[in-house]
Structures are given as structure tokens and as C-alpha cells.
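To start, the structure under review is shown below, and the notes come after it.
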There are 2 protein chains.
Amino acid sequence: MGATKTDHFTETQNELSMLAKALGHPARIAIIEHLLKVNACICGDIVNELPLSQPTVSQHLKELKSAGLIKGSIEGNSICYCINESGFEKIKSFSEQVSAHLEKKNSCC
Amino acid sequence: MGATKTDHFTETQNELSMLAKALGHPARIAIIEHLLKVNACICGDIVNELPLSQPTVSQHLKELKSAGLIKGSIEGNSICYCINESGFEKIKSFSEQVSAHLEKKNSCC
DNA sequence: TTTTTATATTGCAATATTACGATAAACATT
DNA sequence: AATGTTTATCGTAATATTGCAATATAAAAA
């Protein structure tokens, strides 16, 4: 075992969990926060900002990108990363949906 | 390696990533969705609802609980689980914060 | 063209997660 | 007390993640 049984769940469940999983590491939260703060976003800046090696940061960026949470575009020699809104929209809408449900029904425990 | 360097990141970054990580599995998304739908929430029902064994479901419930996303209270023989609002509030506020930032600054790539 | 700069990939070791059978624990029912 | 029901824990195998040194790639600068 050790492999998630993704085929037993719905598309939406798998998609949401993949987005959440991509945010499930403090370095990747830090990257998102940094991208929000500066709004200009050369990869090397992120490497300098984080207490991790360049290959490790590159890997985290790759995960955020493949999850659809950031975008990257080539800018001469370097690469410009920034937030991909659509991924965050899905997370936002899920969390708002949870809140909306909770307002109507009160929790039972 | 393999161990996350949590001590190199802020409290908030670690907390947010732990919440996200707890949602980073389709079974745990499915559990949350089920709890929202029924609002009554005996553990055994969740086990029946999911395509996973009882020990595996129990483990997922434990993770959601320790992350602060659900609460559980003993109800006679069985255990009643339900959503823990405070955990979801943090996720909601983060995703709304991201959206708010994005409205002001337009993405650069 | 050679060298430098910036980022990605490979390979690998350490650790974490996922899943479940077996079993324990705790309470309810008989 | 004995039995059944419900949930948790243990042990363990399979797989995934994290992190980095070494190396590759690609564009810029010299």
C-alpha cells in the first residue's frame, strides 16, 4: 500500500485534495505569501527568500505549478512566477461552501 | 531527508500548511462533504460511505481531528463526528486574503 | 565562442503517508 | 458474566514526499 486510491473518489474530491495537498507544506505557503507580497516574482528571489536549497525550491515550485496554483513564464534568462487565480478560486469556493453550510445547520458535537 | 523543516518557517505558515495537508487526501475531502450533507455523523456511517476499511477511515478521522478540522464526541457506544468551524475559518480567511491581494495587483505572467 | 548566470533534472537517502489485517478497548445488550 | 457492536491502535508492507549534491540545460554576457 501507500498509494492513494484516487479512482474510488469523485473528480471534484480528487481535484480539491490535490490543490490542498499542494498547499500542505510550509515552504509552499511561504512561496505563495512571497508572490503575493512582491507581485514581481523571479525564481531566484524565491530561492533567496527560503531556507532551502535551489533544487528543493525548484521542486516545490514545480508542484505548485502542476497543481495549478502558480504560473511561470520565461523572462530572458530567468523565470517569472506568479499566482494562478483559478486554483485559489476553487479553494475559496470550497471553504465558503463549508461556511455557508455551517451557518444553516449548527454543529452537533 | 524526508522530514519537513518546520522550524525554518513561521507559526502561521506551519499552521496553514498543516490544515491544507489534512485536506490533501480525497477520502478526507469526502468525509468533510459527508459531514456537511448529513449533519449527523456517526463514525460507522462514514465507514460505510467510503471505499476504505474501518481502520483506514479511523486513521483519516484522527488526522482531521488533530488538524482541528473536525470534532468528535462520545455518544453511547459510538462516536459522533462533526465539522470544527475554527479550522475552516483559517482556510477561508487565507483564500480570501489571496483573492483580495489579486484584485488589487494584476498577475504578472 | 567561452564563461557566467539562472533554473531544472537526476539520483539517492531519510522520513512520512496510505492502507489493511489482526487485535485491543469500551460500551451495550442479553 | 458472556456476547455483540463500535471505534481505536498496532504492526507492517507499499508507495510518496522531502531535501540536497551533482549535473544538465538554456539563455545572457563577455
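Things to note:
- Residue match in segment A:56-65 (condition: more than 29 Å from B:H34 (Cβ to Cβ), open to solvent by 10 Å² or more (accessible area, probe 1.4 Å), more than 7 Å from chain B (Cβ to nearest Cβ) and among the charged types (D, E, K, R)): yes
- Residue check: A:A40 meets all listed conditions (1) in contact with a strand residue (DSSP E or B) (Cβ under 8 Å, 6 or more places away or on another chain); (2) within 9 Å of chain B (Cβ to nearest Cβ); (3) within 12 Å of DNA strand C (Cβ to nearest atom); (4) modelled with pLDDT of 95 or more but one, namely (4).
- Where B:L35 falls short, out of the listed (1) modelled with pLDDT of 95 or more; (2) under 20 Å from A:E15 (Cβ atoms): (1)
- Any hit, segment B:53-71, residues being more than 12 Å from DNA strand C (Cβ to nearest atom) and at positive phi: yes
- Residues of segment B:66-78 classified as touching a Leu at 6+ places or on another chain (Cβ under 9 Å) and either open to solvent by 60 Å² or more (accessible area, probe 1.4 Å) or at the interface with another protein chain (Cβ under 8 Å from one of its Cβ atoms) (or both), total: 1
- Failed item, numbered, when A:H34 is tested on (1) within 16 Å of the chain's Cα centre (by Cα); (2) facing chain B (nearest Cβ under 7 Å): (2)
- Selection count, segment B:1-21, where residues are touching a residue at least 40 places away in the same chain (Cβ under 8 Å), more than 13 Å from DNA strand D (Cβ to nearest atom) and open to solvent by 10 Å² or more (accessible area, probe 1.4 Å): 2
- Unmet criterion (only one of (1) open to solvent by less than 30 Å² (accessible area, probe 1.4 Å); (2) in contact (Cβ under 8 Å) with a residue 24 or more places away in the chain) for B:G44: (1)
- Of the residues making up segment B:13-33, not a single one is of a type outside the set (K, R), away from DNA strand C (no atom under 13 Å from the Cβ) and in a strand (DSSP E or B).
The values are calculated or read from the model by the stated rules, or taken from the named source; none is laboratory data. Nothing here was measured: the structure is a model prediction, and the numbers come from that model. When we count neighbours, we look across all protein chains shown, and the Cβ atoms used for this are built from the backbone with ideal geometry, even at glycine. SASA here: full protein model, heavy atoms, side chains in, ligands and nucleic acids out. Shrake-Rupley method; radii C 1.70, N 1.55, O 1.52, S 1.80 Å.
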